[in-house]
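Q: Below is one structure. I have some questions about it.
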């Protein structure tokens, strides 16, 4: 299987390469991409020797081209190159690991080309779920979830007619027990210190606000074709039970593993087979407890905002995602308090009327409008 890894220098890319390298006879790295991390991408090319490398955020550079050629890879530049490599007839599977709205176009291109799409970019379905799923149906593309929660549901999901609901678990992040009056003073480094998972900074902040779980609820709606009221979220601090499916007969089926992204990645790469992931085996006898609790909606208002956007439909999830990206970026840059992230998103959602989101043009228009409005709310917050 020839594999293109989008976002190869991130944590998902590293885990994917680790699994692929352990099964060299089964997977060949066809393309590796990064936004602007040229040195890191070059080192990966020297190790894995893909046919193509892509720097999507870098202008053409002859010196870089020579370096990558010496490493055995043809270097391409710009966002259009992402769509070129995922659409190549020699590419069999695509790890969609680019974070945020930046990964939408390449995910759509992979779906349009009928590839096996390993979906780590949840924002593609949040922004354009109907488009992505429609393209996949038309082309015969395989969409396999890589988020640990959705992959867990996928493993437990059998006859949709007998599914009562799905339950997505959340760790609660680093501030699950922090006194609410202290949340306003937390720093980006504190928000990014996830207790169980090693993730990028943006996703770590989303976990701390539980917006990550809200985005996953929207993604789950499209992946499993379930109404919002049939998707539940529970906090599970140990991050061992990754999600559950409840059936009409009262049975609840869960998927368990240590918190290691190589587990869902290995499952999606080899599906319907199973291969060794390299993750540490789960020692059930060593576990002292597995606990579950309902989210505190006052502490985690972003979760309610996501459910509201999902119920509103149309462009609302696109606006939610765009406003969140702007607010989190401002928080990480020290320009917005942690507790104002939800406020910026709420005010942006309230100020932009819900419109049709069935075309890429409509999605991108809503995304741009939301980014402008959220940027204005961030500036107003600073002035206040």
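Q: Of all residues in the stretch 339-360 being at pLDDT below 95 and under 22 Å from the mean Cα position of the chain (by Cα), which is nearest to residue 304 (Cα to Cα)?
A: 357
Q: May I ask you to list the residues in the stretch 55-64 that are farther than 11 Å from residue 33 by Cα and either modelled with pLDDT under 95 or surrounded by fewer than 17 Cβ atoms within 10 Å (Cβ to Cβ) (or both)?
A: The answer is 59, 60, 61, 62, 63.
Q: Continuing with the same structure: Hey, any hits in the stretch 325-337 for a residue that's crowded, with 17+ Cβ neighbours inside 10 Å, within 20 Å of residue 208 (Cβ to Cβ) and more than 22 Å from the chain's Cα centre (by Cα)?
A: yes
Q: Moving on to the next point. Return the only residue of 359, 351 being surrounded by fewer than 16 Cβ atoms within 10 Å (Cβ to Cβ), outside the structural domain of residue 111 (by TED's automatic domain parsing) and out of contact with any helix residue (DSSP H, G or I) (no Cβ under 7 Å at 6 or more places or on another chain).
A: Sole residue among the options that is surrounded by fewer than 16 Cβ atoms within 10 Å (Cβ to Cβ), outside the structural domain of residue 111 (by TED's automatic domain parsing) and out of contact with any helix residue (DSSP H, G or I) (no Cβ under 7 Å at 6 or more places or on another chain): 359.
Q: Something else now. Residue 209 versus (1) within 20 Å of residue 303 (Cβ to Cβ); (2) touching a strand residue (DSSP E or B) at 6+ places or on another chain (Cβ under 9 Å); (3) surrounded by 15 or more Cβ atoms within 10 Å (Cβ to Cβ): which is the lone unmet condition?
A: (2)
Q: Please indicate, with yes or no, whether at least one residue in the stretch 184-203 is in contact with a strand residue (DSSP E or B) (Cβ under 9 Å, 6 or more places away or on another chain), touching a residue at least 24 places away in the same chain (Cβ under 8 Å) and either surrounded by fewer than 24 Cβ atoms within 10 Å (Cβ to Cβ) or part of a helix (DSSP H, G or I) (or both).
A: No.
Q: Among residues belonging to the stretch 6-43 that are at pLDDT below 95 and part of a loop (DSSP other than H, G, I, E, B), point out the one that is surrounded by the fewest Cβ atoms within 10 Å (Cβ to Cβ).
A: Once the filter is applied, the top-ranked residue is 25.
The values are calculated or read from the model by the stated rules, or taken from the named source; none is laboratory data. Computed from a predicted structure; not experimentally measured. Quick reminder, even Gly has a Cβ in these numbers, built from the backbone with ideal geometry, and neighbours come from all protein chains shown.
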